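Before any comments, here is the structure.
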Amino acid sequence: MKQLGLRRSLTILFDLDGTLVEYKIKGDEAKKEFLYYISDIGYPVKEIDPNLPLGLIIKLLSKNSEERAKELLKTANHIYKKYEIEAARLTKTKEFAVETLMTLKDKKINVGVTTNNSKEAVMLSLKKSKLLEYIDVIVTRDDVVEIKPSPEMLIKAACLLKAPLNMCMHVGDSYVDVMAARSSGMMAVAVVGGVSPIDTLNKYQPHFVINDLRELLTLVNDY
């Protein structure tokens, strides 16, 4: 594991589900319902690989139209939200999450959450997991036009925290987190054991790969 000498302006952004908390959303059912609905209103769903993450599906179908992107995201929000809230009610805190966030706050490191989930589900999950008090900024699907792997929500969180992008880390368990972090200019930290297997994570070239959140503290121990 590499060591970093980091200045006091360091900011760390976290993905939520699979990184800080665990909850079992019925993602395949939500996506199937979304694709069925937008197909019914005329979107060429058959041209799209249904295995792609939601953010890429919306990007491909919107064809660079911000209006279409907003329409698709609004539709996705309406459909996915009920699945997310159902899952958030059963949230479990990931091992070492509380200890890691407490240590970061003790070091006066800014902490944010960036997640493709809805704000209502995110707030429910953070309250249930007892993590909310450690978070300075939260950016969700409700706050952006493009979700991950777009870097939009990461950049927005950094701006809210007045943090230079090159002094930010983004920590996530999915390859879309790595894509978003790298395209934003942040350091991409991939956590093993979440939605994407390690071979997939490595394919997208994170700057660091950690086995659990304790190892994140190793990266900032010179702070």
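The values are calculated or read from the model by the stated rules, or taken from the named source; none is laboratory data. Fair warning: this is a prediction, and the values are worked out from it, not measured in the lab. Here the Cβ positions follow ideal geometry from the backbone for every residue, glycine too, while neighbour counts run over all protein chains shown.
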Filter segment 136-178 for residues that are in contact with a strand residue (DSSP E or B) (Cβ under 7 Å, 6 or more places away or on another chain) and farther than 16 Å from Val111 by Cβ and give the result.
-> Asp173, Val178
Which residue, of Asp106, Asp136, is under 15 Å from Phe14 (Cα atoms) and over 15 Å from the mean Cα position of the chain (by Cα)?
-> Asp136
Restricted to segment 47-59 and to residues being under 20 Å from the mean Cα position of the chain (by Cα) and part of a helix (DSSP H, G or I), the residue farthest from Lys32 (Cα to Cα) is Lys59
Inside segment 174-223, can you point out the residues that are within 17 Å of the chain's Cα centre (by Cα), within 24 Å of Lys24 (Cα to Cα) and in a loop (DSSP other than H, G, I, E, B)?
-> Ser174, Val192, Gly193, Gly194, Val195, Ser196, Pro197, Asp212, Leu213
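Can you go through Ile38, Ile57 and tell me which one is β-branched (Val, Ile, Thr), surrounded by 19 or more Cβ atoms within 10 Å (Cβ to Cβ) and closer than 22 Å to Asp177 by Cβ?
Working: Ile38 fails: closer than 22 Å to Asp177 by Cβ.
Step by step, each of Ile38, Ile57 is checked, and only Ile57 is β-branched (Val, Ile, Thr), surrounded by 19 or more Cβ atoms within 10 Å (Cβ to Cβ) and closer than 22 Å to Asp177 by Cβ.
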With Cys159, Cys168 as the choices, which residue is touching a residue at least 40 places away in the same chain (Cβ under 8 Å) and assigned by TED's automatic domain parsing to the domain that holds Asn211?
-> Cys168
Odd one out for Lys107 among (1) surrounded by fewer than 19 Cβ atoms within 10 Å (Cβ to Cβ); (2) modelled with pLDDT of 95 or more | (2)
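Given the criteria among the aliphatic types (A, V, I, L, M), free of Cβ contacts under 8 Å to residues at least 60 places away in the same chain and either closer than 26 Å to Ala158 by Cβ or in a helix (DSSP H, G or I) (or both), does Ile85 qualify? Reasoning before the result, please.
Details: among the aliphatic types (A, V, I, L, M): yes; free of Cβ contacts under 8 Å to residues at least 60 places away in the same chain: yes; either closer than 26 Å to Ala158 by Cβ or in a helix (DSSP H, G or I) (or both): yes.
It is true that Ile85 is among the aliphatic types (A, V, I, L, M), free of Cβ contacts under 8 Å to residues at least 60 places away in the same chain and either closer than 26 Å to Ala158 by Cβ or in a helix (DSSP H, G or I) (or both).
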Across segment 74-85, which residue is farthest from Ser125 (Cα to Cα) among those that are buried (at least 20 other Cβ atoms within 10 Å of the Cβ) and touching a Ser or Thr at 6+ places or on another chain (Cβ under 9 Å)?
-> Tyr80
Considering Asn221, Asn117, which residue is in contact (Cβ under 8 Å) with a residue 60 or more places away in the chain and farther than 18 Å from Lys94 by Cα?
-> Asn221
Segment 124-152 residues that are within 16 Å of Leu54 (Cα to Cα), paired with ones that are hydroxyl-bearing (Ser, Thr, Tyr) (beta carbon under 7 Å, 6 or more apart) = Thr140/Thr115; Thr140/Ser118; Arg141/Ser118; Asp142/Ser118; Pro151/Ser183; Pro151/Ser184
